[in-house]
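Only the coordinates and a few stated rules stand behind these numbers; no lab work does. Bear in mind that the values here come from a model prediction, so they are computed numbers and not experimental data. Every residue, glycine as well, gets a Cβ built from its backbone with ideal geometry; the counts of neighbours run over all protein chains shown.
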Amino acid sequence: MDKIVLEHITKAYDKNAPVIEDLNLSIRQGSFTVLLGPSGCGKSTILRMIAGLEKETAGEIRIDGVSMKGVDPGDRQIAMVFQNYALYPTMTVRGNIEFGLINMKIDKAERNRRIEEAVQMVGLEDYLDRMPAKLSGGQRQRVALARAIVKKPSVFLMDEPLSNLDSKLRAQIRTDLIELHRKLGATFVYVTHDQVEAMSMGTDIVLLENGQIRQHDTPDALYREPANVFSARFIGTPPMNILPIRALRQAGMNTPLIAMHAGFRPEACRVESRPTAGSGLRLAGQVVTRENLGDQILYKVQTDFGMVQVKDFSGRPEAYGQVTLCVDPDRLHFFDGNECRLTEKGA
Ligand SMILES: Nc1ncnc2c1ncn2[C@@H]1O[C@H](COP(=O)(O)OP(=O)(O)OP(=O)(O)O)[C@@H](O)[C@H]1O
Ligand SMILES: [Mg+2]
């Protein structure tokens, strides 16, 4: 069932230049939906319209099938967690978490029960009497989460809540959020420009570019079946290599007639120091750089068709100089002149 539906949504801050135009999006009940895309593509704008903090120029937003036209943010059964935790500096952790509940006119006993449950979920039991200034960034972010949890919303909206944290804490809170989502069974809508965050936490990813949805899919489908070149390049580090189709035709390969681009992931490619036989793509190149990361080696290889990045897990001795890049036929992706995925090999 759909929890949140955006229908024909247009948003123009400035009359002549809408940042979002005729957007249609359905967010599944209970999903962990990630709005992903480059800076400025409209992620926060979409989230803020769902929250009711920003008014849509045209179209309709429904939550649980009910139109949100004229419904105040406070009446939408949602809680929002921002990038800067926005805690009240003069209140203790308990005070910060309790504040919203007092506003909701919830009685003391119920408030205490909810606070206890929430701090346990985020591991803050021992910090209830601390002031925010005496907490680490990660702890502050947990207070912000607890403050959202106690309201028992059916929708959690989060706008880059991890971007102020160092990478280790980010990784930790990422797993906390996955666990929290499973425990609460609520619908999460999470904004980020970080594809690793999106892939690791999301059950559904909405990939956006210039206010438009380029692909709405599971993380697995985004990785395995990118709908277009933008999607192919956005997911994965390093991103998918995209070559002109003539690179394959000159190598004597059969390719779909209308294909204009071919793609393969860095991890789908092998580096061989001398040409080997096989049915896939064979491409000559010169190794430019080689980074040993322990469990894998990253290569940049210059070919006649541009630079190719390779992630080699073979553990073979280092290659340098002239090499042959090998890609199995079933690891190749094909795109047409509009950069859209071609599904059938012969299409
Ligand atoms: N209050 C505003 N007034 C005018 N233009 C705005 C306003 N807020 C956002 N915009 C513009 O709308 C577009 C989308 O902005 P938005 O904040 O939604 O992007 P975003 O995807 O969240 O980007 P980021 O990843 O940088 O946070 C941008 O071009 C931005 O400049
Ligand atoms: Mg934003």
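When only DSSP loop residues count, what GluC sites (Glu not before Pro) in region 265-347 have their Cβ near at most 10 other Cβ atoms within 10 Å?
344
Using Cα-Cα distances under 8 Å and only pairs 6 or more residues apart, what relative contact order does the chain have, in percent?
On the way: 684 pairs, mean separation 55.3, N = 347.
Reported relative contact order: 16 percent.
In a GNM of the chain with a 10 Å cut-off on Cα contacts, which of 30, 40, 252 has the highest mean-square fluctuation?
252
Let's test this: bin the Cα-Cα distances of region 239-342 at 5 Å from zero up to the farthest pair and state each bin's percent.
3, 13, 25, 26, 18, 10, 5, 1, 0
Taking one equal scatterer on every alpha-carbon of region 177-250, how large is log10 of I(q)/I(0) by Debye at q = 0.11, 0.15, 0.21, 0.24 1/Å?
Scattering profile of region 177-250, log10 relative to I(0): -0.34, -0.57, -0.95, -1.13.
Where the centre of each part is set by its Cα atoms, how far does region 71-143 sit from region 182-217, in angstrom?
Centre-to-centre (Cα) distance: 25 Å.
Report Rg/Rh for region 2-230, rounded to two decimals, where Rg is the Cα radius of gyration and Rh the Kirkwood radius.
Computed over Cα atoms, the ratio is 0.97.
Are there trypsin sites (Lys or Arg not before Pro) in region 243-321 that DSSP puts in a loop and that have at most 16 other Cβ atoms within 10 Å, and which ones?
none
Kindly provide the Kirkwood hydrodynamic radius of region 70-168 in Å, to one decimal, from all pairs of distinct alpha carbon atoms.
One decimal place: 13.8 Å for the Kirkwood radius.
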